[in-house]
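The values are calculated or read from the model by the stated rules, or taken from the named source; none is laboratory data. None of the values given here were measured: they were computed from a predicted structure. When we count neighbours, we look across all protein chains shown, and the Cβ atoms used for this are built from the backbone with ideal geometry, even at glycine.
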Amino acid sequence: MSRLYFPKDFIWGSATAAYQIEGAYQEDGKGESIWDRFSHTPGKVANGDTGDVACDHYHRYKEDVELMKEIGLDSYRFSISWPRILPKGKGEINQQGLDFYRGLINELLKAGIKPVVTLYHWDLPQALQEEGGWANREIVKHFVNYAEILFNEFGDVVSQWITHNEPFVVAFNGHGSGDHAPGIKDQQVALQVAHNLLLSHGLAVKKFRELKLDNEIGITLNLISSYPISDNVEDNKAAKRMEDYINGWFLEPLFKGRYPERIVEFYGEKFNNLDIREDDMGLIKEEIDFLGINYYSRSLVRYNKDSKFLGIEGVKPQDSQYTAMDWEIYPKGLYDLLIKLNQEYTQKPLYITENGAAFDDKISEGGGVHDQDRIDYLKAHFQSAYKAIQEGVALKGYYVWSLMDNFEWAYGYSKRFGITYIDYENNQRRILKDSAYWYKNIIVNNSLEV
Ligand SMILES: CO[C@H](O)c1c[n+]2c([nH]1)[C@H](O)[C@@H](O)[C@H](O)[C@H]2CO
């Protein structure tokens with residue numbers, strides 16, 4: 001066996017999000033979020049699950065920081081719940097909300113763990129949704145106001161800020177397919193939401209710069225590597241359209257100040273109808289300090305003239321392995337993505353802000369959780385990351401999704417992504433899985449045994 005050594009200052013972390021773990025959905029002055037509303041709407045979430053209690057992290061955060069310390073995390077990425085800070089999304093600040101995150105951050109700092117904060121991870125205050133939510137351009141100023149409150153409150157203790165988690169999912173799952181909150185099914189609205197999210201990001205970065213804070217700011221995108229099933233022209237064009245649809249629609253504005261032409265043509269009138277003002281693209285392109293990447297799997301496609309989705313048909317290779325989400329396990333896609341980002345978009349520092357897998361974990365008779373499939377998944381993806389670093393990609397850190405099993409959006413608690421098992425039937429008892437102990441060894445040695 002040999003070891004692959006990562007750069008000496010490489011950051012090993014883990015990630016969560018407020019709505020998925022905190023619970024306490026009506027406690028200490030918190031306002032309603034669109035996910036509170038959505039999960040309480042019959043038929044929207046598997047088994048009628050909600051985030052009302054989740055992992056009860058709101059009451060157990062000290063215990064959870066102890067878990068992070070035991071694993072040896074260098075850093076912890078978490079999101080702040082906007083409606084905990086501003087119950088109506090604007091106006092009166094809820095001090096108890098600020099106090100909760102102050103307590104969490106203090107515990108992290110005491111444990112020597114760097115706090116990385118995601119400003120928005122999908123839990124919009126319901127009161128703002130009632131004014132049109134992300135489809136109403138007015139939301140941009142409310143987001144900047146919310147961000148400024150947090151910059152002023154925590155700007156001296158947070159290591160890095162992430163404005164948005166996956167604007168693609170907020171726009172197209174929340175407003176296109178409707179399988180995420182607020183459950184709107186309108187492609188035109190989804191495109192406007194994507195634009196307003198990007199604009200809110202750019203203006204929040206601008207505000208951050210004005211405050212002259214000495215930490216860093218970036219954004220996290222869900223990105224894929226897209227491959228054609230054959231080398232024929234139409235399949236290749238289909239793979240490129242898929243890449244433009246998921247990656248390009250956000251990478252091009254952020255780094256090049258434009259939307260990708262190929263797919264603009266596809267959107268046609270829907271693009272021409274967008275409310276894009278003269279300075280918008282310049283504001284969206286406000287320089288960031290790093291790019292966060294959420295990578296889980298690849299996209300393998302063929303051209304299908306009858307497909308209403310961009311003339312694209314997805315392909316699932318029989319000989320591949322799949323996770324409990326039915327996502328193909330394809331570690332090479334992470335390497336290919338990192339190389340492509342470095343060559344075509346940015347040499348800025350990159351962070352894997354999410355990578356992980358759901359498997360059907362069970363508590364063994366001996367009381368442990370033996371998740372060798374998750375270890376194998378993570379090991380293969382760490383090797384891809386290592387290869388990219390060796391070839392010059394400025395990858396500076398890796399956050400495993402997730403620190404703990406949690407509320408997996410429309411799947412509720414039926415999918416387990418954690419390196420810590422949550423025993424929902426037994427008072428949310430925490431059990432470190434084998435993958436947590438395996439990860440601890442990597443962090444201690446800053447190297448991977450292969
Ligand atoms: C295609 O996967 C997406 O990039 C993605 C996967 N995931 C995410 N985005 C979200 O950021 C998390 O809140 C999810 O819990 C996590 C697991 O589903």
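Quick notes on this structure:
- Which listed residue, of I284, I276, I224, is under 19 Å from H195 (Cβ atoms), under 22 Å from the mean Cα position of the chain (by Cα) and at pLDDT 95 or above: I284
- Checking the range 275-291 against the condition returns no match, with no residue being within 15 Å of the ligand (Cβ to nearest atom), β-branched (V, I, T) and in a loop (DSSP other than H, G, I, E, B).
- Residues that are among the aliphatic types (A, V, I, L, M) and within 16 Å of the ligand (Cβ to nearest atom) within the range 97-138 comprise V116, V117, L119, L124, listed in sequence order.
- Some residue of the range 327-334 being within 16 Å of the ligand (Cβ to nearest atom), assigned to a strand (DSSP E or B) and more than 23 Å from L119 (Cβ to Cβ): yes
- Of the residues D244, D306, the single one that is more than 29 Å from K332 (Cα to Cα), free of Cβ contacts under 8 Å to residues at least 40 places away in the same chain and of a type in the set (D, E) is D306.
- Any chance L300 is within 16 Å of the ligand (Cβ to nearest atom), touching a Phe, Trp or Tyr at 6+ places or on another chain (Cβ under 6 Å), under 26 Å from L395 (Cβ atoms) and not in a loop (DSSP other than H, G, I, E, B): yes
- Restricting the first member to the range 177-202 and to residues that are over 18 Å from T163 (Cα atoms) and free of Cβ contacts under 8 Å to residues at least 24 places away in the same chain, and the second to residues that are among the charged types (D, E, K, R) and surrounded by fewer than 17 Cβ atoms within 10 Å (Cβ to Cβ), the beta-carbon pairs closer than 7 Å and six or more apart or on different chains are S177/K185; G178/K185.
- The listed residues are I105, I113, and the only one of them that is of a type in the set (A, V, I, L, M), out of contact with any Asp or Glu (no Cβ under 8 Å at 6 or more places or on another chain) and either surrounded by fewer than 16 Cβ atoms within 10 Å (Cβ to Cβ) or in contact (Cβ under 8 Å) with a residue 12 or more places away in the chain (or both) turns out to be I105.
- Scanning the range 247-269 for residues that are surrounded by 19 or more Cβ atoms within 10 Å (Cβ to Cβ) and either of a type in the set (D, E, K, R) or under 18 Å from the mean Cα position of the chain (by Cα) (or both) yields N247, G248, W249, F250, L251, E252, L254.
- Note on the range 350-384: residues that are over 17 Å from the mean Cα position of the chain (by Cα) and assigned to a loop (DSSP other than H, G, I, E, B) amount to 13.
- Residue in the range 404-414 that is more than 17 Å from L73 (Cα to Cα) and more than 20 Å from the chain's Cα centre (by Cα) present: no
- Residue match in the range 53-65 (condition: surrounded by fewer than 17 Cβ atoms within 10 Å (Cβ to Cβ), touching a strand residue (DSSP E or B) at 6+ places or on another chain (Cβ under 8 Å) and touching a residue at least 60 places away in the same chain (Cβ under 8 Å)): yes
- Of the criteria (1) touching a helix residue (DSSP H, G or I) at 6+ places or on another chain (Cβ under 7 Å); (2) over 24 Å from G218 (Cα atoms), which one L67 fails: (1)
- The requirement of being among the basic types (K, R), part of a loop (DSSP other than H, G, I, E, B), surrounded by fewer than 18 Cβ atoms within 10 Å (Cβ to Cβ) and out of contact with any Lys or Arg (no Cβ under 8 Å at 6 or more places or on another chain) is not satisfied by K387.
- Scope the range 1-51; condition surrounded by fewer than 22 Cβ atoms within 10 Å (Cβ to Cβ), of a type in the set (D, E, K, R) and over 20 Å from E130 (Cβ atoms); matching residues: R3, K8, D9, E27, D28, D49
- Members of the range 405-445 found to be outside any helix (DSSP H, G or I) and either acidic (D, E) or within 11 Å of the ligand (Cβ to nearest atom) (or both), listed by number: D405, N406, F407, E408, K415, R416, F417, G418, D423
- The range 11-63, residues that are within 16 Å of the ligand (Cβ to nearest atom), in contact with a helix residue (DSSP H, G or I) (Cβ under 6 Å, 6 or more places away or on another chain), among the hydroxyl-bearing types (S, T, Y) and part of a helix (DSSP H, G or I): Y19
- Any hit, the range 390-403, residues being within 13 Å of the ligand (Cβ to nearest atom), farther than 16 Å from Q321 by Cβ and in a loop (DSSP other than H, G, I, E, B): yes
- Those helices (runs of 4 or more DSSP H) of the range 90-192 in which 2 or more residues are under 22 Å from P42 (Cα atoms) and touching a helix residue (DSSP H, G or I) at 6+ places or on another chain (Cβ under 6 Å) occupy 126-129.
- Scan the range 188-243 for residues that are aliphatic (A, V, I, L, M), over 22 Å from L338 (Cβ atoms) and away from the ligand (no atom under 16 Å from the Cβ) and the total you get is 14.
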